[in-house]
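A.B. asks: Next up is a structure, given as structure tokens.
The values are calculated or read from the model by the stated rules, or taken from the named source; none is laboratory data. Owing to the predicted nature of the structure, the values given are computational and were not obtained by experimental measurement. For the accessible areas, the whole protein counts, side chains as well, though only heavy atoms, and no ligand, DNA or RNA atoms are used. Shrake-Rupley method; radii C 1.70, N 1.55, O 1.52, S 1.80 Å.
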Amino acid sequence: MSILLSLWKQRKNLLEVEASNIDFKNISKSDFEQIFNEHYSNLCAYANNFLKDLEASEEVVQEVFFKMW
């Protein structure tokens, strides 16, 4: 369990660093779509590791992208 938590924290920190380098308030629609298309499926799979429900995982990831937009 502690290994999983450690990996999750590392992944979370990496995503925070990546997100902090993007100015989501001034991002173009095409750039946002590119980010969405590049990361959506991997983020859904990652969320599904915890939720064990693909539909719920997709909803969570979509909500995150919605809030960023």
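A.B. asks: Considering only the stretch 47-56, I want to know if a residue exists there that is modelled with pLDDT of 85 or more, of a type outside the set (Gly, Ala, Ser), in a loop (DSSP other than H, G, I, E, B) and open to solvent by 60 Å² or more (accessible area, probe 1.4 Å). Before the answer, list the steps.
C.D. replies: Taking the stretch 47-56 as the starting set, the residues that turn out to be modelled with pLDDT of 85 or more are 47-56.
This time we only want the ones that are of a type outside the set (Gly, Ala, Ser), so: 48-55.
Add one more test, that the residue is in a loop (DSSP other than H, G, I, E, B), and what stays is 52-53.
Checking which are open to solvent by 60 Å² or more (accessible area, probe 1.4 Å) leaves us with 52-53.
Taking every residue of the stretch 47-56 in turn, at least one turns out to be modelled with pLDDT of 85 or more, of a type outside the set (Gly, Ala, Ser), in a loop (DSSP other than H, G, I, E, B) and open to solvent by 60 Å² or more (accessible area, probe 1.4 Å).
A.B. asks: Oh, and also: Suppose the filter is hydrophobic (A, V, I, L, M, F, W, C) and modelled with pLDDT of 90 or more; does residue 7 pass it?
C.D. replies: no
A.B. asks: While we're looking at this one, here's another question. Please enumerate the residues belonging to the stretch 28-68 that are within 11 Å of the chain's Cα centre (by Cα) and of a type in the set (A, V, I, L, M).
C.D. replies: 35, 43, 45, 47, 60, 61, 64, 68
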